[in-house]
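Shown next, in structure tokens, is the structure this report addresses.
The numbers here are math on the coordinates, done by the rules we state, and not lab data. Values in this document were obtained by computation on a predicted structure and should not be read as measured data. When we count neighbours, we look across all protein chains shown, and the Cβ atoms used for this are built from the backbone with ideal geometry, even at glycine.
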Amino acid sequence: MRPWEGSAILGGNLAVKEYTMSMMDKLKGLLKGHEDQAGKGIDKGGDYIDERTQGKYRGQVDTAQDRLKEQMRDQDRGPDQPPR
């Protein structure tokens, strides 16, 4: 059974959400201290998508890039600091 397939106890959607959140926590841990490199990767990934789709989704890609970078900045602040 794949990790994202829910059990009868958890139900499919809850298992997917828990697995996704677990992966996100792991990614945040890996990125801590490497925000500049991650930002460059986000830019390169967006450029690649724009190239492959011939710019058809450029606006959506740019929005996704901005949100990812914003989330990385937000994780740097402690819980006592208000959101930007």
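Quick notes on this structure:
- Among 59-69, 19-29, the peptide with the highest mean count of other Cβ atoms within 10 Å heads the list, and the full ranking is 59-69, 19-29.
- K32/A64 FRET efficiency (R0 30 Å; Cβ-Cβ; nearest 0.05): 0.90
- Under 26 Å from K40, Cα to Cα: lysines that are on another chain or at least 8 residues apart: K26, K28, K32, K56, K69
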